[in-house]
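To start, the structure itself, in structure tokens.
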Amino acid sequence: MRPVLFEIFGAEIRSYYLLWASALFLLVVWTRRRASRVYGMDDRAVSSVLVWVYCAGILGSFIPGIIERIPLYLDGRIEFSEIFRGLYSAGGLLCGGLFGLWRLRRLGASADAFADAASVPLAAMLALGRVGCLLEGCCSGAGGFYSEPPALWLHFPSDAPNFWRFPSQPAESAASLCIAVFLCLLSAALPEDARRRGGVLFPFMLILYGLYRLLSDPRRQLYADGLMNVNAFVWAAGIIAGAAWLCRTVKRRLAERR
């Protein structure tokens, strides 16, 4: 853990916020570049959609956590400052995605192309952002007491002696990086016309990331504490939406060949 990376004139620069801010910046810049250069989308339309996605994603990340933690504060289980601690990726991805689709529809832009343009940057954002979670010590895995800890498990300074945790943050970072590499390879394997039209990469992103979270989230401490249980429905919905989206793309391409 290293919650504070450094100080500037006495102001703490926290690793969590710096790395997540950098990850979001990477998402915006890289998506904009890919959308215009790889998918031929209008630059102004892409910029407009990204503004909506960014703002909705931030609000969606904060609001579910605040709502879920207010009863814990009223019961005296947490301090008031803890109500605003941390982000919920499920809420951020859901809100950002829905508002992005709404804005794309308003502008008459291709949702398939934009979503595929954002797929690889989104996976990279998650890979980088989870490093910030690791340094902050949040989003930690559940654990137990071991005389011989399981391989690669983590022990945080605030943990009791011999208490080891499932490495949820580095595991998700590695999984997201693997998804990004897979999407890059898939994109390179697609014919030029299929790549530019989109509707392939993002459905795979929804399916693969949703599967990972469904399998790994029960090993996180927040689930052991009774929080974030609703996230399972979000990830399941993401998997279903990704599969339906992919089937729609395949059906359209087959119909065009007839």
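What the table shows:
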item	result
Size of electric dipole in the chain: Cβ of Lys, Arg +1 and of Asp, Glu -1, about Cα centre, debye, nearest 20	1300
Using a Förster distance of 22 Å, the FRET efficiency for residue 155-residue 17 (Cβ separation, nearest 0.05)	0.35
Exposure proxy ranking, count of Cβ atoms within 10 Å, fewest first, for 31, 249	249, 31
Order of 138, 178, 133 - criterion: other Cβ atoms within 10 Å of each residue's Cβ, fewest first	178, 138, 133
Gained length - residue 236 relative to residue 33, 0.36 nm times residue gap less alpha-carbon distance	70.0 nm
Estimated 222 nm signal from helices in the chain, with DSSP H stretches of n ≥ 4 weighted -39500 (n - 2.57), rounded to 500	-23500 deg cm²/dmol
For the chain, built as a Gaussian network whose Cα springs stay under 10 Å, the top-fluctuating residue of 134, 122, 152	152
Relative contact order, percent, the chain [alpha-carbon distance under 8 Å, six or more residues apart]	20
Acute angle (nearest 10 degrees) that the helix 15-37 long axis makes with the longest principal axis of the chain, alpha-carbon atoms	0
DSSP-loop GluC sites (Glu not before Pro) across region 30-122, with at most 14 other Cβ within 10 angstrom	79
Acute angle (nearest 10 degrees) that the helix 43-74 long axis makes with the longest principal axis of the chain, alpha-carbon atoms	30
Unit charges at the beta carbon, dipole of region 84-201: most positive-side option, 135, 108, 180	108
Equivalent ellipsoid dimensions for region 73-196 as semi-axes, Å, which come from the Cα gyration tensor, largest first	37, 22, 8
Mean separation of Cα contacts under 8 Å, 6 or more apart, over the residue count of region 63-191: relative contact order %	21
Cβ-based exposure ranking for 54, 209, in which fewest neighbours within 10 Å come first	54, 209
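Laboratory data are not the source of any read-out in this text; all were calculated from the coordinates shown. Please read these numbers as outputs of a predicted model, since none were measured by experiment. All Cβ positions, even for glycine, are placed from backbone atoms using ideal geometry, and neighbour counts span all protein chains on display.
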